[in-house]
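The values are calculated or read from the model by the stated rules, or taken from the named source; none is laboratory data. Everything quoted here is computed from the prediction, not taken from an experiment. We place every Cβ from the backbone using ideal geometry, glycine too, and count neighbours over all the protein chains shown. Areas reflect the complete protein model, heavy atoms only, side chains present, ligands, DNA and RNA absent. Shrake-Rupley method; radii C 1.70, N 1.55, O 1.52, S 1.80 Å.
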Amino acid sequence: MIWLVYLVFPLYHLFNQTPARAAMGLTAVVVFIAIYIYSYCYERGRLLCILGMLLIIGVFCFSDEASLYMAFYPAPIIGMLTSRKQLTIAFGGLVALFASTMWYWKLYDDTDALLQFLPAMIVIIVIPFALVFGRRSRELRQKLILANEEISRLSKNEERQRISRDLHDTLGHTLSLITLKSELAEKLILKQPERAVQEVRDIQATSRAALRQVRELVSGMNAVKLRDEVDQAKKILAAASIVLEREGSDFDRELPSPLLDNILGMCLRESVTNIVKHSRARVCTVRLEWEPGKLKLIVADDGIGVSKSSEAAESRPFETGGGLAGGNGLRGMRERLKLIDGDLALESVGRGTTLTFTVPLVEKSSAKEGGR
């Protein structure tokens, strides 16, 4: 509204005209002000308002070339148009106004007049584009803010899922061990009380370890290693009267990254928990195979195997449901392996089940690094 003060110049020019022309001009100025305010406040009919303002300015320019400065009013309104077609039409009308005024007053032959009006015309032409770019920049910033909020929301959900997997894999494993040892202690308490006492002490140590694991999990410091998990698996399998056979010496090799070591360790932990709960096995075999470009962890048992319904569910590992393949165990392992582009294959032929965890390896070449 404050810019309307500059209409004092065309009004001053009108007061020097005849009363009839002054009345007509004053009416046109009032209409111009009404259209200007309406087009600024409302989007509907904005293009027609702009064309109407340009028409009124053109009428004034045929009596006074200085009225060309009134184009400063519709210029920002043009920049508020959202349709490219409407923007093109309005900008074309603005250029037509300048061209017709220059042609009518022959400003191109008057160097002083041209130097007077040309900078103003350039600024007026730039204003719509500056407003369009400014609006798009604000829209992009708003989209960026929304995208960051969505990323934050997804990160929180991923963190919740990670905590859920860690609780299931870590505490589920430990509580299974406590359950097995407590059942064993119950059986031994009358026959072998000394051994039962030892089992109770083991339960106490395991419960303390569980508390420590919870603390590490909460603080984000739970760094599981595959080598340690093999030793822990031997204990929990022995408590369930299952023999662990560790094949090969590749477990003594250092894994390429702590993340890979952690994920394979958690996968082994959950596999052993599943074997204890579901397999009824007597022997569990764990093997680590280093192959060109990939690493395989194979966990096999000689238990009852997987039913056909579970095999069918294994092909849809992310669906909810019961059974070994459709439960949280394999789903959690698959989600972990996805973090390192790994894969899980379940095979059940006759008696027994075999889980094969395959993860890619990135070989570091010192020669290549030295040549860079």
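Before moving on, here are some points about what is shown:
- With the simple model of a label 7 Å out from the Cα in the direction of the Cβ, LYS191 to MET1 spans 9.6 nm.
- Long pairs among LYS187/LYS296; LYS235/LYS296; LYS191/LYS234; LYS234/LYS338; LYS191/LYS296; LYS181/LYS294, criterion Cα-Cα beyond 32 Å: LYS187/LYS296; LYS191/LYS296; LYS181/LYS294
- Amide H contacts of LYS294: LEU361, each under 5 Å away and 5 or more positions distant or on a separate chain (H built 1.01 Å from N in the peptide plane; Pro and chain starts excluded).
- Annotation: amide H of VAL283 within the under-5 Å range of VAL243, ASP302, sequence separation 5 or more or interchain, hydrogens built in the peptide plane.
- ILE124, ILE151, reordered so the largest accessible area comes first (probe 1.4 Å): ILE151, ILE124
- The packing ranking of peptides 276-287, 295-306, highest mean first, is 295-306, 276-287, where packing means the average number of other beta carbon atoms within 10 angstrom of each residue.
- Within the full protein context, the accessible area of LEU146 is estimated at about 90 Å² for a probe radius of 1.4 Å.
- Of the accessible area of the range 1-116, computed with a 1.4 Å probe over protein heavy atoms only, carbon and sulfur atoms account for 69 percent.
- For the listed peptides 235-241, 133-139, a ranking on the average number of other beta carbons within 10 Å per residue, highest first, reads 235-241, 133-139.
- Computing FRET efficiency as 1/(1 + (r/R0)^6) for PHE15 and ASP109, where r is the C-beta to C-beta distance and R0 is 41 Å, gives about 0.85.
- The simple spin-label model puts a point 7 Å past each Cα toward its Cβ; for GLN116 and TYR38 those points are separated by 3.4 nm.
- Along the range 19-31 the Karplus relation, 6.51 cos²θ - 1.76 cosθ + 1.60 evaluated at θ = phi - 60°, assigns HN-Hα couplings of x, 5, 5, 5, 5, 4, x, 5, 4, 4, 5, 4, 4 Hz to successive residues, with x for each Gly and Pro.
- Potential lengthening of the chain between ARG253 and LEU55 amounts to 62.9 nm, from the contour at 0.36 nm per residue minus the alpha-carbon distance.
- Per-residue 3J(HN,Hα) values for the range 228-242, derived from phi via the Karplus relation 6.51 cos²θ - 1.76 cosθ + 1.60 with θ = phi - 60°, read 5, 5, 5, 5, 5, 5, 4, 5, 5, 5, 5, 5, 9, 6, 10 Hz in sequence order (x marks Gly and Pro).
- Entry comment: accessible area of the range 47-86 is 42 Å² per residue, from protein heavy atoms only and a probe of 1.4 Å.
- Take the Cα of THR27, go 7 Å toward its beta carbon, and the backbone nitrogen atoms of the range 41-77 under 19 Å from that spot belong to 52-63.
- Note that the range 267-284 has calculated 3J(HN,Hα) couplings of 5, 5, 4, 5, 4, 5, 4, 5, 4, 5, 6, 10, 7, 6, 8, 10, 9, 10 Hz, one per residue in order, obtained from phi through the Karplus relation 6.51 cos²θ - 1.76 cosθ + 1.60 (θ = phi - 60°); glycine and proline are x.
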